[in-house]
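**Q** The following block contains the structure, expressed as structure tokens.
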Amino acid sequence: MSERPIHFYFRGTVQRIEGVSPTRTLLQYLREDVHVTGTKEGCAEGDCGACTVVLGEKVGDALQLKAVNACIQFLPTLDGKALFTVEDLTRLGERTAQLHPVQQALLDTHASQCGFCTPGFAMSLFALYENNPACPDRASICHALDGNLCRCTGYRPQVDALPAAYARPRPHLDRQAVLAALDHLASLPSLEYRAHGQRFTAPRTLAELATARLAHPEARLLAGATDVGLWVTKQLWQLDALIYLGAVAELKIITRDPAGGLVIGAGASLTDAFAALSAAEPAWTELAWRFASTPVRNAGTLGGNVANGSPIGDSMPGLIALGSHIVLQQGERLRRLPLEDFYLAYQKTALEAGEFLRALEIPPTPPGRVFRTWKVSKRSDQDISAVCGAFALQLADGVIHSARIAFGGMAGTPLRARATEAFLTGRTWSRLSLEEAARILANEFTPLDDLRASAAYRRRVAAGLLMRLWLEQDGSAPARLADLEALT
Ligand SMILES: Cc1cc2nc3c(=O)[nH]c(=O)nc-3n(C[C@H](O)[C@H](O)[C@H](O)COP(=O)(O)OP(=O)(O)OC[C@H]3O[C@@H](n4cnc5c(N)ncnc54)[C@H](O)[C@@H]3O)c2cc1C
Ligand code: FES
Ligand code: FES
């Protein structure tokens with residue numbers, strides 16, 4: 001791959017960037033380099049949404065628009081994409097009224113007081129507005145705003161703003177012009193970018209990726225940057241060599257076999273991966289919307305969550321309980337591992353030098369299986385788990401034929417509850433069996449006391465989640481906040 005500048009489409013023209021560090025964030029570029037300051041900085045870690053911008057990519061023949069956090073996206077990841085900031089809304093709005101309908105509606109519904117969060121809300125709502133010809137329901141609007149914090153207005157006015165925006169004349173986003181620019185960008189060679197002694201390589205095919213990974217085993221793989229971005233913005237790490245996975249289309253493919261099994265490419269976004277998982281197993285739905293926020297799920301990948309291997313990563317307990325395998329690639333060599341065998345110790349995985357995670361394989365749903373995965377955290381949205389538990393029990397004729405139970409937050413890695421599984425296997429599916437198993441589960445792990453929860457609380461919650469499994473089947477589970485969503 002030969003070296004070239006970064007190219008992306010912004011404000012009606014193709015921007016060409018060179019001489020900027022590959023780990024400079026999009027937010028730093030906007031505010032400090034080109035002085036486009038409508039996009040704000042709050043936390044610089046993907047948590048508050050003040051920096052929300054919208055990225056455009058060509059998917060099939062269509063323009064797909066997604067809200068992301070500019071504060072944790074490195075500038076070269078924009079190569080080949082279109083960027084929209086809050087300034088673009090005003091430009092669009094100028095053709096019909098003074099403000100874009102979303103902005104005018106935020107004003108009319110009194111959704112802005114101090115206004116610091118407002119550009120981020122406007123961008124999240126703009127993405128939803130552009131992607132939906134008719135106004136989505138209230139729950140969808142709430143989910144789209146789950147990454148935007150506001151300390152002044154209490155959220156209802158922002159939610160009310162979207163229906164009000166739809167009641168106004170719709171401005172025309174010239175999608176054909178954006179798509180034409182994206183086609184031009186796609187005709188450029190794969191990106192190899194160097195500046196400030198740092199290197200950013202963005203292969204476009206699996207073969208190119210495998211070669212680059214073997215040639216540079218010391219380079220850090222970069223997918224959605226929702227973990228790696230914070231290593232730079234918060235921990236001030238210097239990353240000298242990055243191999244970016246986001247340009248490899250083959251890594252984003254999700255396939256469902258006729259029996260219902262899924263193969264999810266490691267580079268599929270969390271948004272797309274959770275949509276596929278939820279379609280196959282509805283029990284994923286709640287975990288999906290409680291995982292981070294919409295902009296983080298749009299940028300982050302399922303492969304990144306699994307490869308990062310955090311003991312509090314939320315996808316792994318469910319994937320392990322379902323008996324998922326991972327496919328690892330090194331050069332042309334592929335190997336398959338049960339996901340639980342990937343985690344060797346705290347922050348240590350079985351990934352070898354020159355290897356990368358290529359895909360996740362999730363087996364089909366067998367008849368008679370009960371599956372649940374629940375996250376317990378202090379806030380419902382945008383929070384880190386104290387405990388995340390997953391249960392897959394195979395039932396037939398009132399007997400538990402097999403059990404796979406996995407947890408995050410209970411040890412230094414995601415882990416199966418093997419003693420509890422062994423106890424349950426062959427028992428009757430009854431309240432008594434589950435109560436006895438819950439006692440075993442409460443003592444099976446030695447979790448940590450930390451800021452999020454005490455060890456005693458974690459043990460109790462783990463046992464409580466197992467009992468909830470019974471209560472839900474029994475129809476006597478107490479209501480939770482999530483159950484009330486339908487009433488909003
Ligand atoms: C505000 C915020 C909220 C969050 N909330 C949650 C949450 O609720 N639950 C949760 O579990 N996580 C959460 N996260 C963490 C993060 O979003 C996830 O771990 C995400 O899935 C990481 O994916 P990524 O593509 O962004 O990975 P990156 O940040 O790009 O990479 C993460 C790590 O994985 C490695 N990697 C990535 N892809 C591959 C691959 N294909 N092969 C080998 N190695 C690879 C990278 O080298 C790096 O070490 C949150 C993060 C933020 C910023
Ligand atoms: S500045 Fe807070 S999410 Fe980016
Ligand atoms: S209006 Fe003040 S934080 Fe949102």
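**Q** Among the residues of the stretch 35-50, count how many are within 13 Å of ligand 1 (Cβ to nearest atom) and over 14 Å from residue 233 (Cα atoms).
**A** Count: 3.
**Q** Would you confirm, using the coordinates I've provided, whether residue 16 is within 13 Å of ligand 2 (Cβ to nearest atom) and over 23 Å from the mean Cα position of the chain (by Cα)?
**A** Taking the combined requirement at face value, the residue does not satisfy it.
**Q** Could you check the stretch 130-154 and list, in sequence order, the residues that are among the basic types (Lys, Arg) and within 13 Å of ligand 3 (Cβ to nearest atom)?
**A** Scanning the stretch 130-154 gives a single hit, 151.
**Q** Same structure, new question: Name, by its number, the condition in (1) closer than 16 Å to residue 4 by Cα; (2) buried (at least 19 other Cβ atoms within 10 Å of the Cβ) that does not hold for residue 196.
**A** Every condition holds for residue 196 apart from (2).
**Q** Of the residues 50, 44, 82, 70, which single one is touching a residue at least 12 places away in the same chain (Cβ under 8 Å), small (Gly, Ala, Ser) and in contact with an Asp or Glu (Cβ under 7 Å, 6 or more places away or on another chain)?
**A** Only one candidate passes the filter, namely 50.
**Q** Please go through the stretch 25-60 and give me each residue that is at pLDDT below 95 and assigned to a loop (DSSP other than H, G, I, E, B), ordered by number.
**A** 60
**Q** If you don't mind, there's one more thing I want to ask. Among the residues that make up the stretch 114-127, is at least one of them at positive phi, assigned by TED's automatic domain parsing to the domain that holds residue 162, within 16 Å of ligand 2 (Cβ to nearest atom) and assigned to a loop (DSSP other than H, G, I, E, B)?
**A** yes
**Q** Take residue 330 and decide whether it is modelled with pLDDT under 95, in the same structural domain as residue 269 (by TED's automatic domain parsing) and farther than 30 Å from residue 145 by Cβ.
**A** Against the criterion (modelled with pLDDT under 95, in the same structural domain as residue 269 (by TED's automatic domain parsing) and farther than 30 Å from residue 145 by Cβ), residue 330 does not qualify.
**Q** What tally of residues in the stretch 57-79 results from selecting those that are under 27 Å from residue 19 (Cβ atoms), of a type in the set (Gly, Ala, Ser) and surrounded by fewer than 24 Cβ atoms within 10 Å (Cβ to Cβ)?
**A** Looking only at that region, the number is 0.
**Q** Please determine, by comparing only the residues of the stretch 30-54 that are crowded, with 23+ Cβ neighbours inside 10 Å and more than 16 Å from ligand 3 (Cβ to nearest atom), which one is nearest to residue 130 (Cα to Cα).
**A** 54
**Q** Continuing with the same structure: Regarding the stretch 438-451, can at least one residue be identified that is under 23 Å from residue 343 (Cβ atoms), of a type in the set (S, T, N, Q) and buried (at least 17 other Cβ atoms within 10 Å of the Cβ)?
**A** No, there is no match, as no residue in the stretch 438-451 is under 23 Å from residue 343 (Cβ atoms), of a type in the set (S, T, N, Q) and buried (at least 17 other Cβ atoms within 10 Å of the Cβ).
The values are calculated or read from the model by the stated rules, or taken from the named source; none is laboratory data. Quick caveat: nothing in here was measured; it's all calculated off a predicted structure. Virtual Cβ from ideal backbone geometry, glycine too; neighbours counted across all protein chains shown.
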